[in-house]
Amino acid sequence: MLLYHPEWRGGHLLECEERRAASDKTGHTTEARTTQLVWTVTCYRDSISRMKNYISFYYLLQFCGHSWIFTNMTARLLFFGKDSFADTFYSIGLVMQACQLLSVLELLHVLLGIEQQPFMPKFLQVTERLVILFVVISSQEEMQNKCIVCFLFFLWNLWDAIRYSYHLLSVLGTDYPALTWFNHTLWIPVYPLALLAEVYTVYESLPYFESLGTFSYNIVLPFAVSIHFPYILKGYLALLLAGVLYTCSHFFSERRLYLEVQNEKMKIK
């Protein structure tokens, strides 16, 4: 659920603090206190409204991007079959990269209190995709026409189209029970499948990193240091598994809370 931090301060609230200081200098009359209270409430409402408009626009932008990618991939697969794998990345790659880069803002949302969510699951989810997309896929042109990459993108965008539409409607105060259920349930098949696809994508990329030497360096210091990137990727697979398990446990806790709330509502009825 999206929550707004009650102690967020914007330009309007700074103006309120200035008015409060001016009021303190002139004396705490009843009229001054009333005016101060009105201005504080007005400024607080303005700041909340601006944050709501911003976060709504962000979720709308992400929903449009991911739903466009998902629709484009589905249409290409239906019309061209397996031949669509060859140039899927070239048709949707730019939008895909833009959407994943925008997702970094979600980390700032949590840190600034715009969204009240645990930071670590969000951090793991964002960094996991950035590494797979930009380091593993975008850096190796030979990987971009693999069917496993298309399958991975299909899973990512299916999940994100549901997730961002749910968050957008939550900000707007609209609740669709079916969409809420999908948001708390769809991850159960999608996330493990996405993990397997990510692991296989890294595995498929290892020969290209070995032969081309991408991101592998020999550094001359007081002693020679050799950085062999395929070894780093193999170590990353262990971190990826641990991160996905941690994120799934967080999703499971959210789903259990959601089911408890639904059961309480059914009892009341």
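For a 32 Å ceiling on Cα separation, which of these pairs sit above it: Lys82/Lys122; Lys52/Lys82; Lys52/Lys265; Lys52/Lys234? Please report the intermediate quantities before stating the final value.
Numbers: Lys82/Lys122 34 Å; Lys52/Lys82 43 Å; Lys52/Lys265 27 Å; Lys52/Lys234 42 Å.
Where the Cα-Cα span goes over 32 Å, the pairs concerned are Lys82/Lys122; Lys52/Lys82; Lys52/Lys234.
Per residue, how big is the convex hull of segment 45-133 when only Cα atoms are used? Give it in Å³.
Details: hull volume 8.8 nm³, N = 89.
So the per-residue hull volume is 99 Å³.
Packing-wise, with mean Cβ within 10 Å as the measure, how do 255-267, 54-66 rank, highest first? Display every interim value, and only then the final one.
On the way: 255-267: 11.2, 54-66: 18.4.
The densest-packed peptide leads the list: 54-66, 255-267.
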Extension gain from Thr71 to Glu264, taking 0.36 nm per residue of separation minus the Cα-Cα distance: 65.8 nm
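Quick one: pull the percent of accessible area on segment 194-235 belonging to carbon and sulfur, 1.4 Å probe, ligands and nucleic acids left out. The partial results should precede the final answer.
Numbers: 1840 of 2680 Å².
Here carbon and sulfur together make up 68 percent of the probe-accessible area.
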Segment 129-169 residues near the modelled Ser216 label - backbone nitrogen below 12 Å, point 7 Å along Cα→Cβ: none
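Between Phe134 and Arg256, what's the calculated FRET efficiency when r is the beta-carbon distance and R0 is 35 Å? Round to 0.05. Can you show the working numbers first?
Values: r = 34 Å, r/R0 = 0.97.
Once the sixth-power term is evaluated, E becomes 0.55.
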Nearest-0.05 FRET efficiency for Leu245 and Leu179, computed from C-beta distance (R0 45 Å): 0.95
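With a 1.4 Å probe and every protein chain left in place, work out the accessible area per residue of segment 126-192 in Å², rounded to a whole number.
Values: 2520 Å² over 67 residues.
On a per-residue basis, 38 Å².
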Cα-based Rg / Dmax (Å) for segment 131-269: 20.3, 74
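The values are calculated or read from the model by the stated rules, or taken from the named source; none is laboratory data. Not measured: the values here are computed from a predicted model. As a convention, Cβ positions derive from the backbone with ideal geometry for all residues, glycine included, and neighbour counts pool all protein chains shown. All accessible areas refer to the heavy atoms of the entire protein, side chains included, with ligands and DNA or RNA removed. Shrake-Rupley method; radii C 1.70, N 1.55, O 1.52, S 1.80 Å.
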